[in-house]
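Step one of this worksheet: look at the structure below.
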Amino acid sequence: RIRAFGPDLIVLTEMWPAALLSPLKERGAVAAPALGVFTDHGVHDLWVQRGIDHYCVASAEMATALVAAGVERARISVTGIPLMPGFRHLPSREEARSALGIDPTRAAVLLLGGGLGLGVEEVARQLAHSGIDAQWLVAAGSNRVATERLLALAGTVPRLAVFGWTERIEQLIRAADVVVGKPGGLTVAEAMACGRPLLATRCLRGQEGFNVRFLEAHGVGRLVADADLAAA
């Protein structure tokens with residue numbers, strides 16, 4: 001399939017395709033150069049492949065880890081994690097809240113469940129009934145079932161705003177004071193780009209474990225158990 005497509009460059013954003021492509025490159029079955037672009041804040045062993053021509057990593061620490069694993073420094077660029085163009089020109093908190101039509105003065109918490117809206121319904125229900133004086137912004141992504149249930153919940157509790165799929169996630173993050181969500185690499189990068197702390201829930205370990213350690217090492221978030229979320 002790669003030969004039929006005839007690419008000039010292959011960009012890899014996941015470690016499994018990197019591991020699959022590398023032996024093909026090494027035996028000459030694929031000629032196009034391969035660029036590994038990390039979207040997490042750690043270096044998994046599977047990323048270390050001789051067939052990857054160059055790496056783009058999120059931090060100098062990750063470059064050091066790759067060198068320690070045997071990758072030549074000349075094959076590594078520290079670029080940060082690529083984000084959508086909207087993150088280049090971020091709205092102020094006031095501009096974002098005005099655009100979303102939410103209270104400009106009350107504290108706001110954004111609940112994220114990724115593009116699939118995983119887990120946001122349970123977290124929203126827990127926090128909306130916690131008695132905390134805040135407004136809750138819930139991004140349900142493309143999850144229609146969760147969106148419908150959240151809209152029903154919004155009819156019974158105050159200050160709960162539900163949002164579906166959006167191309168302007170930076171607007172939601174900038175409108176919030178704190179973000180709650182799974183510690184995926186892009187979520188971590190987006191929250192940091194917007195200057196908002198991230199309380200991570202339900203870490204799957206692996207790559208997400210790297211991201212949690214990065215958050216905690218830099219004091220911009222931490223992993224929180226479900227039972228402790230309201231207090232956090």
* Structure fact -> With the 8 Å Cα cutoff and a minimum separation of six or more residues, segment 112-158 has a relative contact order in percent of 48 percent
* Structure fact -> Here the net charge surrounding GLY70, from other residues whose Cβ is less than 13 Å away from its Cβ (Lys, Arg +1; Asp, Glu -1), is +1
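Counting Lys and Arg as +1 and Asp and Glu as -1, what is the net charge of the other residues whose Cβ lies under 15 Å from the Cβ of GLY113?
It works out to a net charge of -1.
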* Exposure rule at most 12 other beta-carbon atoms within 10 Å, DSSP loop trypsin sites (Lys or Arg not before Pro): the chain longest free segment -> 107-204
* Run the 1.4 Å probe and let me know the accessible area of MET15, rounded to the nearest 10 Å². => 30 Å²
* Per-residue [θ]222 nm for the chain (sum of -39500 (n - 2.57) over DSSP H runs n ≥ 4, rounded to 500) -> -9500 deg cm²/dmol
* Ellipsoid semi-axes in whole angstrom, largest first, where each is sqrt(5λ) of the Cα gyration tensor of the chain -> 37, 18, 16
* **Loop sites in segment 142-232: GluC sites (Glu not before Pro), DSSP, at most 14 other Cβ within 10 Å** => GLU167
* Asked: If HIS41, HIS54, HIS129 are ordered by their accessible area, calculated over protein heavy atoms with a 1.4 Å probe, which sequence runs from highest to lowest?
  -> HIS129, HIS54, HIS41
* To do: Considering only GLY42, GLY184, GLY70, give the residue with the highest GNM mean-square fluctuation for the chain, with springs between Cα atoms whenever their separation is below 10 Å.
  => GLY70
* Asked: Of SER59, SER77, SER142, which has the most accessible area and how do the rest follow, probe 1.4 Å?
  -> SER142, SER77, SER59
* Could you tally the net charge around LEU215, taking each other residue with its Cβ under 13 Å from the Cβ of LEU215, Lys/Arg +1 and Asp/Glu -1? => 0
* Please name which of GLN49, ALA68, PRO91 has its Cα lying farthest along the dipole of segment 27-109 towards the positive end, using unit charges on Cβ (Lys, Arg +1; Asp, Glu -1) and the Cα centre as origin. => GLN49
* Structure fact -> Whole-Å distance linking the alpha carbon centroid of segment 121-184 with that of segment 40-89 is 32 Å
* To do: Counting only C-alpha contacts under 8 Å and six or more residues apart, can you give the relative contact order of segment 14-72 as a whole percent?
  => 37 percent
* To do: Give the relative contact order (percent, whole number) for segment 65-146; include only Cα pairs under 8 Å separated by 6+ residues.
  => 27 percent
* Just read off the accessible area of LEU100 with the full protein assembly in place, 1.4 Å probe, to the nearest 10 Å². => 40 Å²
* **Accessible surface, the chain, averaged per residue in Å² (probe 1.4 Å)** => 51 Å²
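The values are calculated or read from the model by the stated rules, or taken from the named source; none is laboratory data. Remember, predicted model here, so these are calculated numbers, not experimental data. All Cβ positions, glycine included, derive from the backbone under ideal geometry; neighbour counts span all protein chains shown. Surface accessibility is based on the protein's heavy atoms, side chains included, excluding ligands, DNA and RNA. Shrake-Rupley method; radii C 1.70, N 1.55, O 1.52, S 1.80 Å.
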